[in-house]
Amino acid sequence: MPKASRTAVLVCQARAVADGRIAIGRFSDPIAIDLLDDDERREVETARGPDPRHWRDRPAYELLTATVEILAARTVAIDDAVRERRHSQLVVLGAGLDARAWRMRKLPQTTVFEVDRPASQADKRRRVRNLEPVTEELAFVPVEFGTDSLTGALESAGHRSELPTTWIWEGVLPYLTTDQVRATLADVAERSAPGSQLIATYPQRHTVSRPAHYALKTVFAIAGRPDPMGEERHVSAWRPAAMRDLLEDFGFTVVSDRDLKSIADDVGVRTRHPRRLANGHVVVAEVSFPSDRET
């Protein structure tokens, strides 16, 4: 039986660690801590404190603190792009434990559609049951990617393809094959009115090689802790030129494509892992208006 994403928990923990400590004034996610269970919160508390003394706590501590830098930078970049357009429809693909519908108070007239696998979405709904969203409407759209129709599910949930939409595709692409990425882009393009924008994150190269993956798994096993990356391995990566060509194939024009290191520098995130940040990118692409396409 499919399980909820453990990577989503790691990402949420990283946002909770960063809140109020990193890029103050630019990054903020006070809701993240509320989405975590007690044992997950304890790991956040450990990461917000001094280096752990016990070696068994080190693997989770190092993985989480390294993830914090990435999450702070890319969250700021995505939030800025969302605020710039403020479309009336926001679709979060592979939403995981994304908290934007509960924390972005400048989107009061926006309908948010959270798309995710049924198991992950059921876990998310359990975690947010006592929280009140700040957007106009919130729709949970369960989709088993590769099996269910994304276009059909969104239409049934009330998404209107004639209105511009902002699409967020954060932290998902490396877990998909090229065919899966193209299939999703085809669905996104089909439901994107002129003026819509897509905000996606992607790596330039595989961040965890096969040997490194097994080494990480072994370290967590020795420490007696579950490997948060155990069942969710990176399978794809793109060069910026290849990503631009891919998006253009589906009618999107890239307006910006920045690596996370440059974003982190701009917003004041101190980096201990500059190479990892430089490997990650945030791309913003738009659907051209008909008059733009003709010129």
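Overview of values
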quantity: With every protein chain in place, the stretch 90-134: carbon and sulfur % of accessible area (1.4 Å); calculated: 44
quantity: Accessible area per residue in Å² at 1.4 Å probe, computed on the stretch 41-128; calculated: 41
quantity: Charge dipole (debye, nearest 20) of the stretch 6-52; +1 at Cβ of Lys and Arg, -1 at Cβ of Asp and Glu; calculated: 260
quantity: Accessible area per residue in Å² at 1.4 Å probe, computed on the stretch 133-207; calculated: 41
quantity: Area accessible to solvent at residue 261, 1.4 Å probe radius, in Å²; calculated: 50
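The values are calculated or read from the model by the stated rules, or taken from the named source; none is laboratory data. Model, not experiment: these values are computed from the prediction. Note that we place each Cβ from the backbone using ideal geometry, even for glycine, and neighbour counts take in every protein chain shown. Areas reflect the complete protein model, heavy atoms only, side chains present, ligands, DNA and RNA absent. Shrake-Rupley method; radii C 1.70, N 1.55, O 1.52, S 1.80 Å.
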